[in-house]
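Written below as structure tokens is the structure these notes are about.
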Amino acid sequence: VCSMGNSTSRLYSVLAKTLSSGAVSQHQDCLEQLDPARLDPIDPKDLLEECQIVLQKRPPRFQRSFVNLKKNGASNHRPIRVMQWNILAQALGEGKDNFVQCPMEALKWEERKCLILEEILAYKPDILCLQEVDHYFDTFEPLLSRLGYQCTFFPKPWSPCLDVERNNGPDGCALFFLKDRFELVNSANIRLTAMKLKTNQVAIAQTLKCNETGRLFCIAVTHLKARTGWERFRSAQGCDLLQNLKNITQGAKIPLIICGDFNAEPTEEVYREFSNSSLNLNSAYKLLSPDGQSEPPYTTWKIRPSGECRHTLDYIWYSQHALNVNSALGLLTEEQIGPNRLPSFNYPSDHLSLVCDFSFNQDPDRLL
């Protein structure tokens, strides 16, 4: 299990045999020895081919198109591509979430992880923000580090995954950025508070320097409390996160991008807090609507024993005075999703991935 070898096939043979929680404990020393600096890089095309071999009996990946949103002339610099995705914790998918229309066969980790990787490799994000990551140490960190990403993981203090038999440890938020594009200036792991009490929800906030432009910006990822009846709790968590980000960005002097599963519709108070914040934030996916003012009709669509759930819960917020949204990835249509909804043999999560291309405004202070 420990020997990664020099070929992609040997590397992927390790990936294809994801360790169980018992095996993780048994081979913890091996996992800790996998120093990315000493491992060979992976060619993303080779890894994508390996994933497609594993997935050859499944339907092909859904095709989605980017919508061009840029209003002004071409930028002199490459855009920064940011991907936001709640990937669905494996322990929850198999053990707690009760997707009654999704066959258990579709949730097998050996194949579902390849669907997740295929989606990431298809869009090639410069920055990747994930929630519900419970296979960080045995899958995402070993692979993505060899694809050139710097990786950070912050688990929930108490994860519902731990209630599931044969779990793979706690789930949490993970943040990945390409080391050849950005330099890490500062990193903060934030345990969110509500009513002055520490909660089970977390965030990661990192200040990066863009190597091409020399500009600083902050990228944050979070996952707020779920379930109906917790609206005030989410609102308090959102206020705490905003206060932390105000301090980190020196009151919006440093541009900011926040990715997350907020577990909140646009009608909730926490959404209004972010919309009206002194950080001058806008929600990138509103720009896909005809008037630029409406969120998508859904970012998650599933069927549970209680019925069908279609909600808009996932967002990419950005400093609208300092950043432009050049393009955004269109959502899956109802026809693509199909009558049994998500997850499915076609798609690995109950949440859709969101992807945006950003560029810096030339004179951000003028727009504050």
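Side notes on the structure shown:
- Taking 0.36 nm per residue of sequence separation and removing the Cα-Cα distance, the K124/F62 pair yields an extension gain of 20.7 nm.
- Cut-off 13 Å between beta-carbons: net charge of the residues surrounding A328, Lys and Arg +1, Asp and Glu -1: +1
- Loop-located GluC sites (Glu not before Pro) in the stretch 154-225, at most 16 other Cβ atoms within 10 Å (DSSP): E165, E212
- Computed over protein heavy atoms with a 1.4 Å probe, the carbon and sulfur contribution to the accessible area of the chain reaches 48%.
- Its Cα centre serving as origin, the chain has a Cβ charge dipole (Lys and Arg +1, Asp and Glu -1) of approximately 580 debye.
- GNM top mover of L241, L331, L121 - the chain, alpha-carbon springs below 10 Å: L121
- Answer label for semi-axes √(5λ) of the Cα gyration tensor in Å (calculated), chosen among (1) 65, 29, 20; (2) 34, 27, 19; (3) 30, 24, 21: (3)
- Pair-distance distribution of the stretch 87-129: all C-alpha pairs, bin width 5 Å, starting at 0; shares per bin in whole percent are 5, 19, 27, 20, 14, 10, 3, 0.
- Listed pairs K198/K286; K71/K253; K45/K124; K156/K302; K209/K286 exceeding 20 Å between Cα atoms: K198/K286; K71/K253; K156/K302; K209/K286
- Charge tally in the Cβ shell below 11 Å around K302, where Lys, Arg are +1 and Asp, Glu are -1, K302 excluded: 0
- A straight line joining the Cα centroids of the stretch 326-357 and the stretch 146-209 runs 23 Å.
- Electrostatic bookkeeping for L69 treats Lys and Arg as +1 and Asp and Glu as -1; over the other residues with beta carbon under 14 Å from its beta carbon, the sum is +2.
- The stretch 235-283 - convex hull of alpha carbons, volume per residue in Å³: 69 Å³
- Antiparallel bridge percentage (DSSP; both residues within the stretch 165-305; nearest 5): 75 percent
- Heavy-atom accessible area with a 1.4 Å probe sorts S289, S275, largest first, into S275, S289.
- DSSP bridge analysis restricted to the chain gives an antiparallel fraction near 85%, rounded to the nearest 5.
- Accessible area (Å², 1.4 Å probe, nearest 10) - R78: 140 Å²
- In the full protein context, the stretch 79-362 carries 36 Å² of accessible surface per residue, based on a 1.4 Å probe and ignoring ligands, DNA and RNA.
The values are calculated or read from the model by the stated rules, or taken from the named source; none is laboratory data. These numbers come from a predicted model, not from an experiment. Backbone-built Cβ (ideal geometry, glycine too); neighbour counts: all protein chains shown. Note: areas computed on protein heavy atoms with side chains; ligands, DNA, RNA excluded. Shrake-Rupley method; radii C 1.70, N 1.55, O 1.52, S 1.80 Å.
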